Amino acid sequence: MRGREGDCCVVVVGAGAAGALTASHLVTGLSSRYRVALVDPSPTTGRGPAYSTTDERHLLNVPASGMSAFPRDPEHFFRWVRAHHDPETQPQDFVPRRVYGDYVAGLLTTAAEYPGNARLERRHESVLGVDRRGDRFVVRLSDGQSIVARAVVLATGSRPGTAWVPEGLTSSPRLVSDPWTEELPDGDLLLVGTGLTMVDLAISADRPGRTLHSVSRHDLVPGVHRLPTTPSVPPPPGITRIGTLDELHAAVTAHVAHTVEETGDWRAAIDGLRPVTAQLWQGLGEDDKRQFLTEHSRAWGVLRHRMPPVTAARLEQVTAAGRLVRHTGTLADARELADGVEVTLTDGQRLVVGGVVNCTGPVDTIAADPLLAALARTGLVRPGPSGLGIDTADDGRVLGVLPTALPLYAIGTLRRGNLFETTAMPEIREQAYDVARAVVRALHGETRRRPTDAYGLTLTTGRRAAEAYNEAFGRLLRLQDGVEEGLEAAVAIDPDFAQAQAALALLGHEWGATGSWRDALASAHSAAAERDLDDREVSFLDAVTTRLRSDEATGAAALLRHIRLFPRDALAVSVAVPTVAFGGLTSGRQTADLVEGLGRSYGDDWWYAGQLAFVRQDQERWSEAEDLASYALAVEPGSGHAAHARAHVFYETGEHTAGLSWLDEWIRTQGPQANHRSHFSWHAALHELMQGDVEAVRRRYERELAPPLVTGSRALVDSGALLWRCRVTDTWTDDLPSEAVCGSAPAGWLISPPTPFAAMHAALSLAAEGDDIGLAALRTTSLAHADPTFRDVVAPVCRALQAVVEGEYDAAARQLESLLPRAGVLGGSAAQREVLEDTLVYALARSGHGDRAAEVLDRRLDRRPSPLDVRRRDVIRGGRRSSQIV
C-alpha cells in the first residue's frame, strides 16, 4: 500500500476519452502536491473502444467543429486538426476516429508535462474494488497493490453485451464478443446489430469473395448527416413539462413534422431536442421509461446518432455489390462446424459463416461490470433509473451510502439512467470539466457549494449577497426596474463581490447610468485580486473590461466571445441582444443567429422563449412567436421580452382590438414594475391609432407618454415618434406638444446621437417640433460621421424630414422612396421604422401623387388590416383633400 503520497491522490478509473479528459482537467486544476492516478488495463490512453481503431475509413460521426474537448473553447479540436493532421480540414469535415484518439492522448500528455501541475501516474491495471476508510478511499488493483485516494472518479464506460448469444456459441472462438479488441475470423461473417459499430465493421471487413450478413430486430441503420447542416429548431415551448410517454411521442412527432415542413430537414428537429433530452427523460415515470427503451429507443438512436455522408456512401457500395446482406430478426441458434459456424435466424434462415461478430453495443447495467457489481455489494453505488448505469446527482456525484462530502463521481455512460443521452462528446466534455472542477473544490476544502445564479453559474460570494444579486438578476430577466439598485444592495453586503461589481459596470456603461461605471469596474478588479473566482466569472470580468476600455467593435467582439464560451450567462446575453432598450451588440441576421444558437443551452426556459419569440416575430413567423411569447408569459407573467414580442405580433397581424385589450391589462398589472414601460404604452397607442381612435391616442399620450412622465431616450423613441406619426397620418392636426419632448432628450442626442436608431428618432422629434434648423444640423453631423449608415441613411432621412417641414413634399417623397429599401440598417423593429413609410404616404398625397400613396397603403393592407389605413386610402383615391383624412 502506498504511504503518505497517496493522501494527496485522485484516482480516475478508466482511461478512455472520458477518463483521460477528466484526468487532464484534474492535472491542470491541482497543484504539484497532488497526483492523479489514471487506472485502466488498456495499453493505450485516451482512446477506449471508440477511438482505438487505426482504419482511416472509420470516421467521427460529428463534424470537426463539434468535437472540441473543451466546452469553453468550441473550436479547439478543429484548430488542432489543422495544425497536427490536415491543414486543409474544414469545420464540416468528418475526420478519422484515430485522429481524435491522438488528440485526447496529446491533451493529457501536455497537461502532465506543464511545470507546477499535479503529477500524472498511469497504472495499467484493473480496479477490483473501492473501499471507504474514514475520509479516504482505498482503491484495490489487480496487481495486489492499493492506492489511498482522497477522491475517485468512475469513467469505466460500458461493456459489450452478450446475453443474446445462443448456448452453442458461448465458448466458441468464432464468437467475437468485442470487435474493437479481438481479431475477426476469416470467411463470411454475421454481424449482430445494425448500429454504427456494424457500419464501421462492414466497411473495414469488406473484401471480394466475402459475404457479410447483418441481423437486428428492426434492421434499422443509422441516419445520415446532411451537409451543409440545417440550424437546429427548438422544440415547442413547455415540452419538458409533458408527463407521459404517449403525450411526449405525439409532441415530438408534431415537432419533427413541423420542422420538415419549415426546413425540409428532420435532423434540425432532432438536434433541437438535444438540449432538453435529459429533462424529457427525467420527466417520464419508470414504466414509461421502460416502455421507451423497449419500443422507441432504437428509432431514436437511428435519428440521433448518424453516419457521415461518405460513410453512408461506402456502406451503400458494399450493399449494392451484394457483399452485405441484411436480415430482420435475431439469432435463434448456432452450431459450431469444423470450418465455421452454422447459425439459424428467427425467420428460419440458416447461414454458414466464419464468425459471429457482436455489434449490439454496450450493456448499461451494474451486473455487466464486475467492478460496479462489487461496489453495489458494499452500497457505494446503486442502479440508476430503469436499471441503467449507476445513480448519480445532477453534478455527477455517485448516490449511495457515502456522505455528500466524500468525492466519488461518475462520468459518461455510467450516468445513462439519469441522463439517457450521455455518450457523445458534447455531453462528455461538459461532464469531465464539471466533475474535475467539483473534485478540485472538494480537495481545496470547498465542501459547501458556492451560491449560483438562476442558470447555475457560480457566484463567488456569501448567501445574502447572492440573494440580493439574484433578485436584481431576476428583474433584469423580466425587464423590470430596480436592477442597478439590487446590484448595489449586493455589493453593499459584500464589497468584494466581483461579479456584481462587474455587472454594475457593464449595465452602467450600456444604460448610461448616472453612477460611475469606472468605479464599479475598479472595484471588480480589486475584488478579483482577493477572491478565487470561477472561470466564468473571470471571463465575464475580462469581457466587461475590454468592452468598457476599447473601441465599439473590439468590445462587442469580447462580450460575444464570452457568450460563446459561457452561453448560459444570461446577463451577458441580455446586453448583447437588442431589446426594448434598443441597445445590443447585434442586429438582424446576427441577432437571430445568436439567439437561435442558444437553444441548446436554455431549452424551454421562459426567458429564452421570450427572446426567441422576438426573433421569430422579426422573421414574420407570427404563429411561432405567439406560441413562444404566450408560453413565456404563462410561466412568468412579468416577462417584458415576451410581452414585447406579443405586442408586435398583435400589431403586425392587425389584431388591434385584441392587442389593445391584452396590452392594457398587462400594463395595468405588470407595467408598474416594467422598465421602459412607456414603450408598451407606445404599442397600445399604435393600436388606438390604427383603429382611428384619435381621442384615445391623445388621452394615452397625456396619461402615459408626455414628459416629464417620460424623459431621456424614451422621450424621443416613444413620445416624439408617436407625435410625428400622428402628424403624418393626419390624426393630430393642431399643434403638437413636441417642445417638451425635445427638451427631455439626453444631452447632445439631437445633434450627435450615439446610434443610427437614436438618430432616426432624434430627427422625427425635431420634425414634430418643426425645427428645420435642428434637422439641418443633425444632417451635417451625420454626413461627417465615420459610420456609413449615418452618412448614407440618417442624413437622407434628415433631408427628407426637413423637406416635409418646409413644405417641399415632392422632394421629400423622392428622397424617402430612394432610402426606404435601406432603412433596415437603422435598427429597431419594422413597426418603429414604419413611420418613415407613413411620412412617404403623407408627402406623396400632398405632392399630387395620390395614386402612388394609395399603392403604398394597398401593399400594407395586403399584409395587415388597419381601419385607419383603409380610410386614408379611400380618401386619397376619392380625390378629397388629404387634410380631411381622419
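The values are calculated or read from the model by the stated rules, or taken from the named source; none is laboratory data. These numbers come from a predicted model, not from an experiment. With ideal geometry, Cβ positions are generated from the backbone for all residues, glycine too; neighbour counts draw on all protein chains shown. Note: areas computed on protein heavy atoms with side chains; ligands, DNA, RNA excluded. Shrake-Rupley method; radii C 1.70, N 1.55, O 1.52, S 1.80 Å.
What the table shows:
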item	result
Elements of type helices (runs of 4 or more DSSP H) in the stretch 530-646, at least 3 residues being within 21 Å of Q670 (Cβ to Cβ)	606-618, 622-635
Filter pass, A740 being in contact with a Pro (Cβ under 7 Å, 6 or more places away or on another chain), aliphatic (A, V, I, L, M) and surrounded by fewer than 22 Cβ atoms within 10 Å (Cβ to Cβ)	yes
Flag for A69 being part of a helix (DSSP H, G or I), in contact (Cβ under 8 Å) with a residue 12 or more places away in the chain and open to solvent by less than 60 Å² (accessible area, probe 1.4 Å)	no
When residues of the stretch 115-158 are limited to those that are in contact with a helix residue (DSSP H, G or I) (Cβ under 7 Å, 6 or more places away or on another chain) and assigned to a loop (DSSP other than H, G, I, E, B), the one surrounded by the most Cβ atoms within 10 Å (Cβ to Cβ)	A155
Test: residue in the stretch 657-669 that is of a type in the set (A, V, I, L, M, F, W, C), in contact with a Gly (Cβ under 6 Å, 6 or more places away or on another chain), modelled with pLDDT of 95 or more and under 26 Å from G238 (Cα atoms)	no
A527 vs. criteria open to solvent by less than 10 Å² (accessible area, probe 1.4 Å) and either modelled with pLDDT under 95 or farther than 16 Å from L487 by Cβ (or both)	yes
Every pair of residues 6+ apart whose Cβ atoms lie under 6 Å, when the first sits in the stretch 183-195 and is within 30 Å of W300 (Cβ to Cβ) and in contact (Cβ under 8 Å) with a residue 12 or more places away in the chain while the second is part of a loop (DSSP other than H, G, I, E, B) and β-branched (V, I, T)	V192/T360; G193/T360; T194/V221
Lone unmet requirement of (1) closer than 24 Å to F757 by Cβ; (2) open to solvent by 10 Å² or more (accessible area, probe 1.4 Å) for S539	(1)
Of all residues making up the stretch 775-798, the number that are free of Cβ contacts under 8 Å to residues at least 24 places away in the same chain and either farther than 22 Å from A747 by Cα or in a helix (DSSP H, G or I) (or both)	8
Residue among H656, H641 that is under 19 Å from F473 (Cα atoms), open to solvent by less than 20 Å² (accessible area, probe 1.4 Å) and in contact (Cβ under 8 Å) with a residue 12 or more places away in the chain	H641
Considering residues of the stretch 187-204 that are part of a helix (DSSP H, G or I) and either under 16 Å from P160 (Cβ atoms) or of a type outside the set (S, T, Y) (or both) only, the residue nearest to the chain's Cα centre (by Cα)	L196
Flag if R677 is farther than 29 Å from E430 by Cα and basic (K, R)	yes
Among the residues listed as T423, T392, T365, T378, the single one being more than 23 Å from R140 (Cβ to Cβ) and hydroxyl-bearing (S, T, Y)	T423
Evaluation of G387 against (1) at pLDDT 90 or above; (2) open to solvent by 10 Å² or more (accessible area, probe 1.4 Å); (3) over 22 Å from the mean Cα position of the chain (by Cα); (4) within 30 Å of R72 (Cα to Cα) (one fails), failing number	(4)
Unique residue being within 22 Å of G361 (Cβ to Cβ) and without any contact (Cβ under 8 Å) to a residue 60 or more places away in the chain when the list is L303, L324, L293, L273	L273
Residue in the stretch 3-26 that is closer than 21 Å to E113 by Cβ, free of Cβ contacts under 8 Å to residues at least 40 places away in the same chain and open to solvent by 50 Å² or more (accessible area, probe 1.4 Å) present	yes
Qualifying residues in the stretch 197-211 (those that are within 23 Å of H225 (Cβ to Cβ) and out of contact with any strand residue (DSSP E or B) (no Cβ under 7 Å at 6 or more places or on another chain)) - the one surrounded by the most Cβ atoms within 10 Å (Cβ to Cβ)	D200
Scan of the stretch 449-485 for residues that are touching a Leu at 6+ places or on another chain (Cβ under 8 Å), assigned to a loop (DSSP other than H, G, I, E, B) and either within 16 Å of S639 (Cβ to Cβ) or open to solvent by less than 40 Å² (accessible area, probe 1.4 Å) (or both), ordered by number	P451, D453, A454, T460
Qualifying residue in the stretch 878-885 (condition: open to solvent by less than 50 Å² (accessible area, probe 1.4 Å) and at pLDDT 95 or above)	no
Residues within the stretch 787-833 that are under 32 Å from the mean Cα position of the chain (by Cα) and not basic (K, R), tallied	12
Any hit, the stretch 759-769, residues being more than 17 Å from Q802 (Cα to Cα) and outside any loop (DSSP other than H, G, I, E, B)	no
Criterion (free of Cβ contacts under 8 Å to residues at least 60 places away in the same chain, among the polar types (S, T, N, Q) and outside any helix (DSSP H, G or I)) met by exactly one of T89, T109	T89
Matching residues in the stretch 382-436 - criterion: being in a helix (DSSP H, G or I), among the β-branched types (V, I, T) and in contact with a Phe, Trp or Tyr (Cβ under 9 Å, 6 or more places away or on another chain)	V435
Residue list for the stretch 29-41, restricted to those being over 12 Å from V127 (Cα atoms), in a loop (DSSP other than H, G, I, E, B) and of a type outside the set (K, R)	L30, S32, Y34
Checklist (1) within 24 Å of A830 (Cβ to Cβ); (2) surrounded by fewer than 21 Cβ atoms within 10 Å (Cβ to Cβ) applied to L686, failing item	(2)
Test set (1) under 27 Å from H687 (Cβ atoms); (2) of a type outside the set (S, T, N, Q); (3) modelled with pLDDT of 95 or more - R864 fails condition number	(3)
Filter result for the condition that a residue is among the aliphatic types (A, V, I, L, M), modelled with pLDDT of 95 or more and either closer than 27 Å to T731 by Cα or surrounded by fewer than 23 Cβ atoms within 10 Å (Cβ to Cβ) (or both), over A776, A786	A776
Given (1) farther than 29 Å from H641 by Cβ; (2) of a type in the set (G, A, S); (3) in a helix (DSSP H, G or I), number of the condition A823 does not satisfy	(1)
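Condition check ((1) open to solvent by 10 Å² or more (accessible area, probe 1.4 Å); (2) under 19 Å from G640 (Cα atoms); (3) part of a helix (DSSP H, G or I)) across all residues:
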| residue | (1), (2), (3) |
| --- | --- |
| L660 | yes, yes, yes |
| E665 | yes, yes, yes |
| R700 | no, no, yes |
| P707 | yes, no, no |
| T711 | yes, no, no |
| G720 | no, no, yes |
